[in-house]
Every structure is written in C-alpha cells, then in structure tokens.
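Worksheet for the structure shown next.
The values are calculated or read from the model by the stated rules, or taken from the named source; none is laboratory data. This is a predicted model, so every value here is computed, not measured. For neighbour counting, all protein chains shown are included, and Cβ atoms are generated from backbone atoms with ideal geometry for every residue, glycine included. The protein model used for the area step is the full one, side chains on, heavy atoms only, and it has no ligands, DNA or RNA in it. Shrake-Rupley method; radii C 1.70, N 1.55, O 1.52, S 1.80 Å.
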Amino acid sequence: MHTALLLDMAADAAPDRLALGRRAEGLSFREVRRRAHHGAAFLEQMGGTNVAFVGLNGPTLPVAIFAAGMLARPFAPLNYRLPDADLSKLLARTAPAVAIVDDNMVPRLAAAEGVKVVSRSAFEAACNVHGDCEAEFLDVDHDIAVLLFTSGTTGDPKAAILRHANLTSYVISTVEFLGAEDDEAALVSVPPYHIAGISAVLTGVYGGRRIVHLEAFTPEAWVETAAAEGITHAMVVPTMLGRILDVLAARGETLPAMRAISYGGGRMPLPVIERALEMLPHVDFANAYGLTETSSTISILGPDDHRMALYSDDEAVKKRLGSVGRPLPTLELQIRGPHGEVLGPNQSGEIYVRGEQVSGEYTSKKAIGADGWFATNDGGYLDEEGYLFVEGRLDDVIVRGGENMSPGEIEDVLREHPAVADVAVLGLPDNEWGEKVAAVVVAKDARPSPEDLAAFAKARLRSSKTPEVWEFRDALPYNDTGKLLRRQLKAELSRG
C-alpha cells in the first residue's frame, strides 16, 4: 500500500473535515490533497530523485510528505539543529534532490552539487495555486517512502530506509480508518526529522484527526496551544512532560479537552509519570516504544496498565509502570542471548523484532536477517506476562531528551583541548532529561577547570551535547585489547 493512498482515502471519505492547522485557518482533507497534487507537479518540474526538507513543523510538512510520495520520491527531513557545516554535508548526501528549506534557513546551507534548494515560501506558493491538479502515483509498496538520518555509536549519520509497505503496515494495523471524532485534534511537537513526526502525520490523516503542529517546543506554548485549540491527543518525549506539568501547576490548568497523551523516545522517570497521572486523571497515558527502523511503535503500555500500576498493591504490577508494555499483536518479539538463543522470562538480552512494519535497512547496508528478524541493539527482558522492560542501548549511545548522542563525537572535540590527554564520555541517569552527559578527563599536566572545558565544548557542539558532569582521573580503564571499559566508568559514577 502507498502512503499517498492514506490521504486519498481520507479526502474521498471526509473531504470537508479539518485535517491540518488551527481551527480558524485549518485545511480540509480535500484541500490538503489538492495542495499535495500541485506540490507533486512542482517537484516533478524541478527534477531530482529525492525530496529533502529542512525546516520547522507546520502544514507544509504533510503536504511535502504526500507530494513526494505521489512521485515515489524518498522524503528526507533533515535535522536543522545541526551546525551549518554538518547540515550542509548531510544535505549533499541526499543528491540528486530538491530541498524545501525554511526561508530563514536557506543562508545556512552551502551549495551542494545535485541539490536544488527551494524556499518554503516558494513551495507553498506553488501548492496554493488555483484550480485542481491531478497527479498520478504508481503502486510502489516496496519503493522508499522516507529516509531518516540517525546517528549510531560512531556518530556518523546513517540513512535509515522506510518503505511504503513498512509505514502503511504500521498505520493500518494501529489506527482505525476515520476512527477519530470530528472534534479530535492532535498536537505534534516532535521535530520533522524524528520518526514520531512522520508517523504522526500518517496516522493522523488515516484516522481523520486534525493535526496541529507546534513549530518549536516550549512548555508554555504547548500548554497555550493545547488549551486554545481544544487539543485531545498529543505525543511528547519524557523531558517535555515534566516541563509541561510545571507550567500546568503554575497556571492551575487541567486541560479538560485532553483525552490521551503518549510518550516515548527515552526512559520516563517514574516520578514524572506518577505526577502526570495524579495531576491529569482524565487523560489516558500510553508509553510507546519503537525505533526509526521499525516505522515507530512496536510496544505499548496502555492507559489501563498505567492506572493499575499506579494504584495496585501488587509489586509486580506496580513495577510495570517502568515497562514499555506489550508488543503490538502484529509483531513478533524475542529476547536473545549473546549466541542468538531465545531467552525466557526475566532474562536480559537483546531485543529482536519481526513484522511487516520492520525495515531494518539503511542505504549503506541491510541489517535485517534473511528470516526477517531485526536486532534492535537495545537490551531488555520480558516478564512472565509478556511486558517488555527496556534496559538501554547495548552500545554506548547517550539518549538525552529523546535525542541520541554519540560519545565519540563529544570525545573527539574534548581531545582537541590542549590540556586533555584522554577522555571518556558517557550518559548518567537524569530525572528531567533521561540521561545527562558526563565526561571523565585525564589531564596532560595542569588540570583544566570544568568551566573552561564546558566553554570549549559548547563553542564546538550544541549546548545539549556539552557535558554537565566532570570527573578527573589519572588514567582511564582499558581492557587488554585496548577497548575502553565505558560501562565500568558509568557504574562507578552512577554510584557516586
């Protein structure tokens, strides 16, 4: 099934229902389809093979996704928060492509061979011309729908491939077609380059729920928008939820229209979700665990599980509030040991998953087995009732606020400091952000101050990647093959 067919079905069945934007100036499903057809015609004239997107959230994003889909061109949203040089380098990797770029971001990009940059305003103008435009699209289930760049342990971004069949399989297996009520609206505050941002568009359109995009998240803007627009559904990362609760408490706001909030992208601190359940008892909370390579969610801890865990006297049930629930019924999930053996309940190992929505594929390689099983590189276990507990990445990627960070990238920068002889970067538990960045430094001679090191790193990296915990050692632990024993350091620092 083709992703553009999701829009086609909604526009045929409910043409006048609001699909995108604020109530005052929202676009109907009919209008979204019309604009997507015009957008496809415009992109076809521009040439290229891929469609890159560099910009903030907004109605242009879904139109561009479906316009690219109609042409069977991979849609590649890029992380606009990257430093200019890194963003330009990533853009060059999408060639040959047409890049739709927010007007104020165009000056940030260096010229890239094979990439035609189109300002967002120019694309919007092309989509908003009068009259109808029928763009034909082929049945291309196995063609690439989306390319999402994700960083691995080396910090070198990989382009994960999601095909039309992967994405539509996830959508139709988790969402009822036009199952949303006319008054339902979803607030999307995750960025376009995150799998949750893509799946929010596809599931919202198929389910018939109006999508309201928040250009850039602040807890104040989130609360104000949710209240003003009668938002009924939202997806947040754990760091967002804690800040949202603070604003709600300060304002005495309870969001009476809100019906459901899902969260994911990182470990949710128990005090935060417990506080949310107490403050918003009318809201259904769901913990959604998934990966880019699995087209989003593969396991859900549902609303009933949340309430049972909060109020149960059974310790096993209470513990499930720290789980990610049970796998979707359309998927198979196993926990495997180091030799590929399937493990039993409460045995920790690597999480493997298999199903039609699972891609496990990159432009550089295919990471899925011939039998369809994908190794997630996440560690975890299943309890006796099939609830999945995720223990973290098997490698050392730091997950801070739903963002994956490479320790190697940060270490490379810190090693450039003239007073640093060696350094190890790792993530430590943090109630607000999931993990905080810590650095263990071996000085050459005189020990540099943490303030000096932090300023040095911040000038070369985004502030979120700058370590906030600094430890100084005479030497770092390595094994006899020269491998840094990062987990040993993490255990030592976690104990304080």
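Descriptive notes on the structure:
- Fraction of beta bridges assigned by DSSP in the chain that are antiparallel (%, nearest 5): 60 percent
- Share of carbon and sulfur in the accessible heavy-atom surface of the chain [1.4 Å probe, %]: 49 percent
- Compared with the rule-of-thumb size 2.2 N^0.38 Å for a compact globular protein, the stretch 372-412 has a Cα radius of gyration ratio of 1.48.
- Ordering of 353-361, 87-95, 336-344 by burial proxy (mean other Cβ atoms within 10 Å per residue, highest first): 353-361, 87-95, 336-344
- The stretch 1-45 and the stretch 376-447: distance between their alpha carbon centers, rounded to Å: 41 Å
- Protein heavy-atom accessible surface, 1.4 Å probe, per residue over the chain: 42 Å².
- Each semi-axis of the equivalent ellipsoid for the chain is √(5λ) with λ an eigenvalue of the Cα gyration tensor; in descending order they amount to 36, 28, 23 Å.
- With the cut-off at under 17 Å, measuring from each backbone N in the stretch 417-450 to a point 7 Å along the Cα-to-Cβ line of residue 475 picks out 421-424, 441-445.
- Sequence of 275, 473, 487 when ordered by accessible area, the most exposed leading, probe 1.4 angstrom: 487, 275, 473
- Low-density loop positions, trypsin sites (Lys or Arg not before Pro), the stretch 1-83 - DSSP coil, at most 10 other Cβ in 10 Å: none
- Simple spin-label estimate for residue 81 and residue 304 in nanometres, 7 Å along Cα-Cβ: 3.6 nm
- Nearest-0.05 FRET efficiency for residue 444 and residue 485, computed from C-beta distance (R0 22 Å): 0.50
- Once the Cα-Cα distance is subtracted from the 0.36 nm per residue extended length, the residue 409 to residue 251 segment shows a gain of 52.9 nm.
- Label-to-label distance, residue 89 versus residue 493, with points set 7 angstrom from Cα along the beta-carbon direction: 2.4 nm.
- Estimated distance in nm for a label pair at residue 44 and residue 317, the labels positioned 7 Å out from Cα along Cα-to-Cβ: 5.8 nm
- Share antiparallel - DSSP beta bridges, the stretch 403-496, percent rounded to 5: 75 percent
- The slack in the chain from residue 16 to residue 370, taken as 0.36 nm per residue of separation less the alpha-carbon distance, amounts to 122.9 nm.
- Residue-span extension gain [residue 384 to residue 459] - 0.36 nm each, minus C-alpha spacing: 22.1 nm
- Pairs beyond 31 Å (Cα-Cα), from 89/365; 318/436; 318/366; 158/318; 158/490; 319/458: 318/366; 158/318; 319/458
- Normalised convex hull volume, the stretch 205-267, alpha-carbon set, Å³ per residue: 96 Å³
- Among the GluC sites (Glu not before Pro) in the stretch 1-104, those located in a DSSP loop and surrounded by at most 11 other Cβ atoms within 10 Å of their own Cβ are 25.
- For the stretch 326-421, the fraction of alpha-carbon pairs lying more than 23 Å apart is 39 percent, rounded to a whole number.
- Gap separating the Cα centres of the stretch 48-88 and the stretch 173-235, nearest whole Å: 19 Å
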